[in-house]
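The values are calculated or read from the model by the stated rules, or taken from the named source; none is laboratory data. Quantities reported herein were computed from a predicted structural model and do not represent experimental measurements. Positions of Cβ are backbone-derived with ideal geometry, glycine not excepted, and every protein chain shown enters the neighbour counts. SASA here: full protein model, heavy atoms, side chains in, ligands and nucleic acids out. Shrake-Rupley method; radii C 1.70, N 1.55, O 1.52, S 1.80 Å.
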Amino acid sequence: MPSLKDLRNRIASVKATQKITKAMQMVAAAKLRRAQSAAEAARPYAERMAQVLGNLAAGVVVGPETPRLLSGTGSDRRHLLVVCTAERGLCGAFNSSIARLAREHVNRLVGEGKDVRIICVGKKGLDILRRQFADRIIDFVDLRGARQIGFEHADDIAQRILQRFEAGEFDVATLFYSRFKSVISQIPTAHQIIPAQIGRNGAAAGSETAYDYEPGESEILESLLPRNLAVQIFRALLENAASEQGARMSAMDNATRNAGDMIRKQTTLYNRTRQAQITKELIEIISGAEAL
Amino acid sequence: MATLHFELVAPERVLYSGAVDAVMLPGTEGDMTVLPGHAPVMTALKTGFIVVTDHRDHGTRVLVRGGFADINAAEVTVLAERALASAELTPQSIDQEILTVEMQRDASHEQSFKDAADATIAQLREARAALQY
């Protein structure tokens, strides 16, 4: 049976925790709004890029001349997984669900006899995946210093991936991130970025007109594809940032509610114990008086 | 008078969207001015100014660093890799850009990248000089 003092201490500590979780929830809500508007502002560029690329790719006949970013290396033996997670924890199952999807992917590919390498973006994913796949992780990108994710971060990651691709280190690259559906629902997603997947059917409507290309068609395609890679990563990072804040917000909301429940229970227990003690003392006094 | 729908999109945001009379673009094959009814062209852009002429303003300038323009009879869409709007255009902000490119050039080991960066720096210097007028 805990003493009254123990109970008082316990209530005080839960109250302190509740204040922290409440504050974190509010901060996450504010950051979520910013992250969401950043993700929305980036959408037109990504859409336009997809459209332009679709137009271009529709006219391209796959041959030895086509850039390998579009046609692939002709093999799919060596895989590169780019796993984007958050830098901080305390956001529910956000990091672990991305890591789980990546882990399932690795296990499946390894089971098929493929060679798998991993690049981690974000510290949390690295921490989780390092336990199991330490020897497969070849690179780690730290975004802790970045307050707001800019295009240059995505571009930097894209450059690193491209260097490895050009050095012939892998054939297929897949990007893992969490798609932001709503505050309570974030969907871990795997998206193949090399060779590029381009919606050819969507482009059909606008591609009737014959375009002139300056300089040549292939030059434009060649410089557009790496850019497209950066854009895809940028979008993934922004979606991830919004998802992270959303996940943190609902996790902290839950934590605050749990703390409230616990405080209520402990307070009832505290009052009961206090009442029992008073009753006990009264009985002692009364029975003492009766004995006289 | 017919107008063009001009859209300038940078990765982070949309910088300009609206009806314009003419747009001057710094194409890699030379500067070009696009008027309504232009033949469909897809061109890569080098570093330089985009000059927008619309009915309110004459010659709004935006500095872009690399990108693409998708042109057809009714609209022009510029996908800029990096863009500075006219309000942000000062000699200092261009100096900052030059510094960034210089750092990228020094960090790289590939000759082709270094050459490209040198060209960009030269174009940025040019833009900085042009800004005085």
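The value of relative contact order for the range B:90-131, using C-alpha pairs under 8 Å at least six residues apart, is 51 percent. In order along the range A:128-137, the phi-based Karplus estimate (6.51 cos²θ - 1.76 cosθ + 1.60, θ = phi - 60°) of 3J(HN,Hα) comes to 6, 6, 5, 4, 9, 10, 3, 7, 8, 7 Hz; Gly and Pro are listed as x. Pairs from the list A:LYS5/A:LYS280; A:LYS15/A:LYS280; A:LYS5/A:LYS265 with a Cα-Cα gap above 22 Å: A:LYS15/A:LYS280. Radius of gyration over Kirkwood radius for the range A:109-196, both on Cα atoms: the Rg/Rh ratio is 0.97.
Centre-to-centre separation between the Cα atoms of the range A:164-179 and those of the range B:23-45: 34 Å. Peptide A:215-222 shows a mean partner chain C-beta count of 2 within 10 Å per residue C-beta.
Quick one: work out the % antiparallel among DSSP beta bridges in the protein assembly as shown, nearest 5. Taking every DSSP beta bridge with both residues in the protein assembly as shown, the antiparallel ones total about 65 percent. Computed on the range A:138-292, with alpha-carbon pairs under 8 angstrom and 6+ residues apart, the relative contact order is 29 percent.
If one takes the accessible area of chain A alone plus chain B alone and subtracts that of the pair, with a 1.4 Å probe, what total in Å², rounded to the nearest 100, results?
2200
Just give the residues from the range B:35-70 buried by at least 50 square angstrom of accessible area in the all-chains context relative to the isolated chain, probe 1.4 Å, and say none if nothing qualifies. Checking the loss per residue gives B:PRO40, B:MET42, B:PHE68, B:ASP70. A simple charge model with +1 on the Cβ of Lys and Arg, -1 on the Cβ of Asp and Glu and nothing else charged puts the dipole of chain A at about 1960 debye relative to its Cα centre. For the range B:4-86, the dipole from Cβ point charges (+1 on Lys and Arg, -1 on Asp and Glu) about the Cα centre works out to 240 debye, to the nearest 20.
How much net charge surrounds B:GLY37 when only the other residues with a Cβ under 15 Å from the Cβ of B:GLY37 are counted, with Lys and Arg +1 and Asp and Glu -1?
That sum, taken over residues with Cβ under 15 Å, equals -3.
Looking at the range B:4-86, the accessible area is 35 square angstrom per residue; that uses a 1.4 Å probe and ignores ligands, DNA and RNA. Rounded, prolate or oblate: pick one for the range B:90-131, where a ≥ b ≥ c are the square roots of the eigenvalues of its C-alpha gyration tensor, a/c under 1.5 means rounded, and failing that, prolate if a/b is larger than b/c, else oblate. The shape class here is oblate.
With helices as the sole contributors, chain B gives -10000 deg cm²/dmol at 222 nm; each DSSP H run of n ≥ 4 counts as -39500 (n - 2.57), and the sum is divided by every residue.
Checking the a/c ratio against 1.5 first, then a/b against b/c, what shape does the Cα gyration tensor give for the range A:29-102? Please report the intermediate quantities before stating the final value.
Values: a/c = 4.87, a/b = 1.53, b/c = 3.19.
Taking the square roots of the gyration eigenvalues as a ≥ b ≥ c, the range A:29-102 is oblate.
On the basis of the beta-carbon distance and an R0 of 56 Å, A:ASN254 and A:ASP76 show a calculated FRET efficiency of 0.85. Highest mean packing comes first when the peptides A:27-33, A:149-155 are listed by Cβ atoms within 10 Å, giving A:149-155, A:27-33.
Computed about its Cα centre, the charge dipole of the range A:18-164 is approximately 740 debye, with only Lys, Arg, Asp and Glu carrying charge at their Cβ. Could you please state, rounded to a whole Å, how far the C-alpha centre of the range A:266-292 is from the C-alpha centre of the range A:239-253? Their Cα centres are 49 Å away from one another.
Relative to the present Cα-Cα distance, how much length would full extension add between A:ARG108 and A:ILE184 at 0.36 nm per residue of separation? Separation in residues times 0.36 nm, less the Cα-Cα distance, equals 24.5 nm.
Taking amide H as placed 1.01 Å from N in the peptide plane, A:LEU143 has its amide H under 5 Å from the amide H of A:GLY122, A:LYS123, each at least 5 places away in sequence or on another chain.
Label the range B:4-86 by shape, choosing from rounded, prolate and oblate, from the square roots a ≥ b ≥ c of the eigenvalues of the Cα gyration tensor; if a/c is under 1.5 it is rounded, and otherwise prolate applies when a/b is larger than b/c, oblate when it is not. Rounded.
Could you check how many percent of all C-alpha pairs in chain A are farther apart than 37 Å? Each step should come with its number before you reach the end.
Working: 14499 of 42486 pairs.
Considering chain A, 34 percent of its Cα-Cα pairs are separated by more than 37 Å.
The mean number of partner chain beta-carbon atoms within 10 angstrom of a residue's beta-carbon across peptide B:76-89 is 2.
Tell me the per residue accessible area of chain A using a 1.4 Å probe; a whole number in Å² is fine.
Working: 15440 Å² over 292 residues.
Computed with neighbouring chains in place, this is 53 Å² per residue.
Mean separation of Cα pairs under 8 Å and 6 or more residues apart, divided by the residue count, gives chain A a relative contact order of 32 percent.
Averaged over the residues of peptide A:42-55, the number of Cβ atoms from other protein chains lying within 10 Å of each residue's Cβ is 4.
Sorting A:242-252, A:66-76, A:170-180, A:266-276 by their mean Cβ neighbour count within 10 Å, with the most densely packed peptide first, gives A:242-252, A:170-180, A:66-76, A:266-276.
If you wrap a convex hull around the C-alpha atoms of the range A:1-136 and split its volume per residue, what is the figure in Å³? Walk me through the intermediate numbers first.
On the way: hull volume 21.9 nm³, N = 136.
Spread over its residues, the Cα hull of the range A:1-136 gives 161 Å³ apiece.
Against chain B, whose longest principal axis is taken from its Cα atoms, helix B:91-107 shows a tilt of about 50°.
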